[in-house]
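Report on the structure given below.
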């Protein structure tokens, strides 16, 4: 009689593994309503490294297991993401009506042009998008390639932590998904102008320019200036952000930024969003991907308010499980 009277809510856990920490978000959905059940931010003792795959998967899995256990995550189906630096993404246009076999052959032929490694060493995948903006008889597909050992490392981390790999995503795509959810929660629609996502998580800062649901510019730099929230930090953050947005506008793919979204550990610093908006003249918001979600009553609202901007990508990963 299971399921006769009560609908089982599917649950997915998003696992964002960076060089500094592991972020975990567990969501369920009933109809069109999402619920945040649990989340965790667990630091990695190794600190920031460019390539975490040089670290043993089992040691990283121990940290993930601790994060899952401390917060009581129940979901076993997990979505994680490969770092943008270890993935080759290419948007292609193909004629409509191709069969699956024809698409796979086309993707493989294209991959031979863009992938600087033997294809036998690579994991390839593609995703069919919408009709191409400039050619109604073609559709866009996103080609994704990474070294097989990178994919296997992330799978091993999940499996060693007792999770089942449901989807292996790309961090940039997860960021866009989380951002899109934030914008729809606040404005009811996606942004028409480009959005600058500024992530200040010392010792690093990262700027991503998102336009039409794509990351069109991304730059990461070292940034550790004073204490989070003090005037010296906010002044330096505004100065760096203004310069980076200017550089993005000068690039070949630059676009006019109509909104800034602050993410990362410093996003909730008192007055930072007001400083940015006043000095750069661009509307600025703090990322809160859970604002329109139902919340587990056991979660502390004050802690979640501070942690939400750090969980933007992890939330985007958890949302991917429901696609």
Note to self: Show the residue pairs meeting these rules: Cβ distance below 7 Å; 6+ apart or different chains; first residue within the stretch 173-191 and outside the structural domain of residue 144 (by the TED database); second residue modelled with pLDDT under 75.
What the structure shows: 180/190; 183/190; 183/191; 184/190
Margin query: From the list 195, 144, 170, exactly one residue is buried (at least 20 other Cβ atoms within 10 Å of the Cβ) and under 18 Å from residue 21 (Cα atoms). Which is it?
Written below: 170
Next item on the list: Name every residue in the stretch 56-88 that is in a loop (DSSP other than H, G, I, E, B) and out of contact with any helix residue (DSSP H, G or I) (no Cβ under 9 Å at 6 or more places or on another chain), in order of residue number.
Entry: 56, 72, 74, 76
Next item on the list: Quickly run through the stretch 129-145 and pick out the residues that are within 21 Å of residue 81 (Cα to Cα) and either modelled with pLDDT of 85 or more or over 24 Å from the mean Cα position of the chain (by Cα) (or both).
Entry: 141, 142, 143, 144, 145
Next item on the list: Determine if the stretch 115-134 includes at least one residue that is surrounded by 13 or more Cβ atoms within 10 Å (Cβ to Cβ) and touching a residue at least 60 places away in the same chain (Cβ under 8 Å).
Entry: no
Check: Does residue 103 fit the bill of being without any contact (Cβ under 8 Å) to a residue 40 or more places away in the chain and assigned to a loop (DSSP other than H, G, I, E, B)?
Finding: no
Item checked: Answer from 198, 205, 174 - the residue that is in contact with a helix residue (DSSP H, G or I) (Cβ under 9 Å, 6 or more places away or on another chain), at pLDDT 95 or above and over 26 Å from residue 125 (Cβ atoms) -> 198
Next item on the list: Can you tell me which residue among 170, 157 is closer than 28 Å to residue 69 by Cβ and within 12 Å of the chain's Cα centre (by Cα)?
Entry: 170
Next item on the list: Would you please name the residue that is surrounded by the fewest Cβ atoms within 10 Å (Cβ to Cβ), looking only at residues in the stretch 257-282 that are over 19 Å from residue 312 (Cα atoms) and within 22 Å of the chain's Cα centre (by Cα)?
Entry: 258
Check: Among (1) touching a helix residue (DSSP H, G or I) at 6+ places or on another chain (Cβ under 9 Å); (2) buried (at least 18 other Cβ atoms within 10 Å of the Cβ); (3) within 30 Å of residue 25 (Cα to Cα); (4) in contact (Cβ under 8 Å) with a residue 40 or more places away in the chain, where does residue 94 come up short?
Finding: (3)
Next item on the list: Kindly indicate whether residue 36 is in a helix (DSSP H, G or I) and either modelled with pLDDT of 90 or more or in contact with a strand residue (DSSP E or B) (Cβ under 6 Å, 6 or more places away or on another chain) (or both).
Entry: no
Item checked: Those residues of the stretch 158-167 which are in a strand (DSSP E or B) and crowded, with 23+ Cβ neighbours inside 10 Å, in sequence order -> none
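The values are calculated or read from the model by the stated rules, or taken from the named source; none is laboratory data. Bear in mind the structure is a predicted one, so any value in this text is a computation, not a measurement. For neighbour counting, all protein chains shown are included, and Cβ atoms are generated from backbone atoms with ideal geometry for every residue, glycine included.
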